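Structure record follows, encoded as structure tokens.
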Amino acid sequence: MSTPDVREAITHVHRAEWAWVIAALTRRFRDLDLAEEAAAEAFATAVERWPAEGIPANPGAWLTTTATRKALDRIRRENKRDQKQREARMLHDNGPPEPLGAIDDDRLRLIFTCCHPALEMRTRVALTLRMVGGLTVPEIARAFLVEEGAMGQRITRAKAKIKAARIPYRVPSAEDLPARVSGVLAVLFLVFNEGYLVSGPGTDPIRRDLTAEAIRLTRLVRVLLPQSGEVAGLLALMLLTEARSAARVSASGELVALGEQDRGAWDGTLIAEGHRLVRERLATGVAPGRYQILAAINAVHTSARDIRDTDWSQVLALYDQLVRLDPSPIVALNRAVAVAELDGPQAALAAVDRLEDSLAGYHAYHATRADLLRRLGRSEQSRAAYDRAIELAGNTAETAYLTRRRDQLA
Amino acid sequence: MQYLVSVIDNTHNLITAEEEAAEQAAIDVFNERLQAEGHWVFAGGLGVPDNATVIDNRGEEAVVTDGPFLESKEYLAGFWIIDAPDLDVALKLAAEGSKACNRKIEVRPFH
């Protein structure tokens, strides 16, 4: 195998095996920091040796064994420095290697530890991307427009807290599971949205690396928790959103509204998978949670051949269901968009105006108002609303879109 | 592993004698549970920060200051030291403690 091929194979193995290696080492040594260092060393050894020696038959097992050896080396080196710790630490050395059988559960443990509610939300996101996703600290720092040193510190602090406060490496008990799963899903959804709605001037409007990573991790959680409706719902929601991403930004870098997108450019495979998941959940007859309802709304949109073909009464019924679970002003704003299609822009505007107190600082509130005012022929007010939306929007493609719509006003 | 479970009060938290009695009764029930389940190490209530005195003897002579070391609206009103196998168990107990004493709670590893 040529060196570039081996490098590509190592990249692939890294994606597939990183979380397994970290999870197996964390279980054995109960130390995320040690697991991370040793896993990184094992991958570096692979980069050194595989081009000459060839890729082992079972790369995951090779990496876990190598990383375990690296971890033991580290512990011995530390022990030489600190005699007092020696006896306590060497207890770990004598045990036989853990069997590989329960590793799936270990990855799940790893995810729950990284997404523990005692860690701040952004810390959970960073730690999950590092430990489960295998992204490097510089990659995570870039994704969140944070300085590399600050991101490194955030992750180091989190690992220290997990160890010192004894945040458990465990799948939560059945009674805590739903709340903890929704905590994990919130992290994954945040990663996805950060990729899908990138903010900041001069950035790409969509970060496919982040959306792809979020989907990959959600697929992993779905394999580990196949019974969870909300996991399936979030995966479907991501797939049906990702499916439209090629049509969502024009060649000139402008956001394309749903009604104007080239539906032929949507990804049929992702849509089919998303629809299958939504149908599966409907068939269970279990009351859907937030992500499942959002996925169902997206399924209605992606089932329509064009915007006029959209079943708006179905969309509105789903939003009514969502409002009961989540009576937030943002849900009410999105519901108003469906109201506009069914009852006209006047009725929708009345609903939107009621949200002013809570959403005056949110660009989508002004963008929605601007569009409704435009449809009502109230150009002056529409222009003012577009101005405000442009001021508040952080996404470059969205700003370009809003600017064009404003400049087209009579 | 032991955790310090601190009760955080604030100066605006003025309650009637009846409310205080109800809180104390709830705390007693919680304390009995901690003892029965083997989590109890120690607990105590603190006097108001106004009655604190700070002493600093790092220099040549001890300097005595009237009042708490930190002036703030929020202050430590009492604490438990509990024994729990991990943070999940400690947080669960602390959540019940918070309900019982009707105050915010901070959980920290105690060495």
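How tilted is helix A:177-196 with respect to the longest principal axis of chain A? Cα atoms for both, answer in degrees (0 to 90, nearest 10).
On a 0 to 90 degree scale, this one is about 70.
Separation of region B:18-76 and region A:262-316 by C-alpha centroid, Å?
Between the Cα centres of region B:18-76 and region A:262-316 lies a distance of 56 Å.
With Kirkwood's inverse mean 1/r over C-alpha pairs for Rh, give me the Rg to Rh ratio of the protein assembly as shown, two decimals please.
1.03
Expressed as an acute angle from 0 to 90° and rounded to the nearest 10, what is the orientation of the C-alpha long axis of helix A:121-131 relative to the principal long axis of chain A?
Taking Cα atoms only, the helix is inclined about 50 degrees.
Counting other beta carbons within 10 Å of each residue's own, what order do A:Thr399, A:Thr3, A:Thr368 fall into, fewest first?
Fewest-to-most Cβ neighbours within 10 Å comes out as A:Thr3, A:Thr399, A:Thr368.
At R0 = 60 Å, how high is the FRET efficiency between B:Arg58 and A:Asn193 if r is their beta carbon distance? Nearest 0.05 is fine.
The formula returns an efficiency of 0.70 here.
Quick one: B:Lys92, A:Lys70, fewest Cβ neighbours within 10 Å first, how do they rank?
B:Lys92, A:Lys70
Hey, with R₀ at 35 Å, roughly what FRET efficiency would B:Ile81 and A:Arg122 work out to, going by the Cβ-Cβ distance, to 0.05?
0.65
Would you mind listing how long region A:258-311 runs along its three principal axes, going by Cα atoms, in whole Å with the largest first?
34, 21, 15
Could you work out the local net charge near B:Asp88, counting Lys and Arg as +1, Asp and Glu as -1, over the other residues with Cβ closer than 10 Å to its Cβ?
+2
For every other residue with a beta carbon closer than 11 angstrom to the beta carbon of A:Leu294, add +1 if it is Lys or Arg and -1 if Asp or Glu, then tell me the sum.
Its environment carries a net charge of -1.
Which of the trypsin sites (Lys or Arg not before Pro) across region A:128-194 are loop residues per DSSP, with 15 or fewer other Cβ within 10 Å?
A:Arg170
Could you list A:Thr284, A:Thr66 in order of exposure, starting from the residue whose Cβ has the fewest other Cβ atoms within 10 Å?
Going from sparsest to densest Cβ surroundings: A:Thr284, A:Thr66.
In square nanometres, what is one fourth of the surface area of the convex hull spanned by the alpha carbons of region A:227-332?
7.0
Under the 0.36 nm per residue contour assumption, what length would be gained going from the current alpha-carbon distance of A:Leu177 and A:Ser313 to full extension?
Length gained between A:Leu177 and A:Ser313: 45.5 nm.
Determine which residues of region A:320-340 fall in the zone a paramagnetic label at A:Glu260 would reach in this model, i.e. backbone nitrogen under 20 Å from the point 7 Å along Cα→Cβ.
The answer is A:337-338, A:340, whose backbone nitrogens lie closer than 20 Å to the label point.
When the Debye formula is applied to the Cα atoms of region B:1-51, each taken as the same point scatterer, what base-10 log of I(q)/I(0) results at q = 0.13, 0.26 Å⁻¹?
Scattering profile of region B:1-51, log10 relative to I(0): -0.42, -1.19.
Kirkwood Rh, region A:150-253, all Cα pairs: how many Å?
15.7
Report the GluC sites (Glu not before Pro) located in region A:220-314 that are in a DSSP loop and have at most 15 other Cβ atoms inside 10 Å of their Cβ, or state none.
Filter output for region A:220-314: empty list.
Output the direction-averaged projected area (hull surface divided by four) of the convex hull of the alpha-carbon atoms of region B:2-110, in nm².
For region B:2-110, averaging the hull's shadow over all directions gives 8.0 nm².
Calculated from DSSP H runs of 4 or more alone, at -39500 (n - 2.57) each and per residue, what is the 222 nm mean residue ellipticity of the protein assembly as shown, nearest 500?
Helix-only estimate at 222 nm: -21000 deg cm²/dmol.
Taking each residue of B:78-89 in turn, how many C-beta atoms of other protein chains fall within 10 Å of its C-beta, and what is the average?
3
So what is log10(I(q)/I(0)) for region A:103-193 at q = 0.13, 0.16, 0.17, 0.22 1/Å, when the Debye sum runs over its Cα atoms only?
-0.40, -0.61, -0.69, -1.12
Find how much the distance from B:Ile8 to B:Ala22 grows on full extension, using 0.36 nm per residue of separation minus their present alpha carbon separation; answer in nm with one decimal.
Here the answer is 3.2 nm.
Against the longest principal axis of chain A, how steep is helix A:290-303, in degrees 0 to 90 to the nearest 10, with axes from Cα atoms?
Between the helix axis and the principal axis of chain A, the angle is about 60 degrees.
Under the rule of at least 5 residues apart or a separate chain, name every residue whose amide H is placed under 5 Å from the amide H of B:Gly78.
Counting only residues 5 or more places away or on other chains, the set is B:Val7, B:Leu46.
Output the Cα-based Rg and Dmax of region A:358-408 in Å, rounding Rg to one decimal and Dmax to a whole number.
Over region A:358-408's Cα set, Rg and Dmax evaluate to 9.8, 29 Å.
Distance in nm between label sites at A:Val146 and A:Arg222, each 7 Å beyond Cα in the beta-carbon direction?
Simple spin-label model gives 2.8 nm for this pair.
Local charge sum around A:Ser382 (other residues, Cβ-Cβ under 13 Å, Lys/Arg +1, Asp/Glu -1)?
Net charge around A:Ser382: +4.
Every number here is computed from the coordinates shown, using simple stated rules; none is lab data. Quantities reported herein were computed from a predicted structural model and do not represent experimental measurements. Here Cβ is always computed from backbone atoms with ideal geometry, including for glycine, and neighbour counts include all displayed protein chains.
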